[in-house]
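Since the structure comes first, as structure tokens, the remarks are kept for the end.
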């Protein structure tokens, strides 16, 4: 998947502003179950927020990178303990 342009990223940040986190990462971080839940959420919503309150900053950055790599998604924003992730829905869905 191609990276997001600055204009696309700005639009997604604006869309994400009103969203509440729908996935919460605990101290165990990214488990297989969490990855599966993020995958389902992206399939349903395209744009989601993930709260990573139990993780330190470097662990949050690593979690965002891993989510994007494993699920063919794009990082939109990492602000505080909230990660914003985007994956475009396939055209035929």
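The values are calculated or read from the model by the stated rules, or taken from the named source; none is laboratory data. The structure presented is a predicted model; accordingly, all values stated were derived computationally and were not measured. Counting neighbours? That spans all protein chains shown, and the Cβs are built from the backbone with ideal geometry, glycine included.
Here are a few things to note about the model shown:
- Applying the set (1) part of a helix (DSSP H, G or I); (2) without any contact (Cβ under 8 Å) to a residue 60 or more places away in the chain to residue 13 leaves exactly one unmet item: (2).
- Evaluation of residue 65 against (1) under 17 Å from residue 9 (Cα atoms); (2) in contact (Cβ under 8 Å) with a residue 24 or more places away in the chain; (3) part of a helix (DSSP H, G or I) (one fails), failing number: (2)
- Verdict on residue 12 being modelled with pLDDT of 95 or more and surrounded by 12 or more Cβ atoms within 10 Å (Cβ to Cβ): yes
- Search result, residues across segment 70-93 that are within 11 Å of the chain's Cα centre (by Cα), more than 20 Å from residue 14 (Cβ to Cβ) and not in a loop (DSSP other than H, G, I, E, B): 71
- Residue 46 surrounded by 11 or more Cβ atoms within 10 Å (Cβ to Cβ) and touching a strand residue (DSSP E or B) at 6+ places or on another chain (Cβ under 8 Å): yes
- Among the residues listed as 47, 64, 55, 42, the single one being modelled with pLDDT of 95 or more and either closer than 11 Å to residue 23 by Cα or over 12 Å from the mean Cα position of the chain (by Cα) (or both): 42
- Test result for residue 21, touching a residue at least 40 places away in the same chain (Cβ under 8 Å) and surrounded by 11 or more Cβ atoms within 10 Å (Cβ to Cβ): yes
- Answer from 54, 29 - the residue that is in contact (Cβ under 8 Å) with a residue 12 or more places away in the chain, out of contact with any strand residue (DSSP E or B) (no Cβ under 8 Å at 6 or more places or on another chain), loosely packed, with under 15 Cβ neighbours inside 10 Å and outside any helix (DSSP H, G or I): 54
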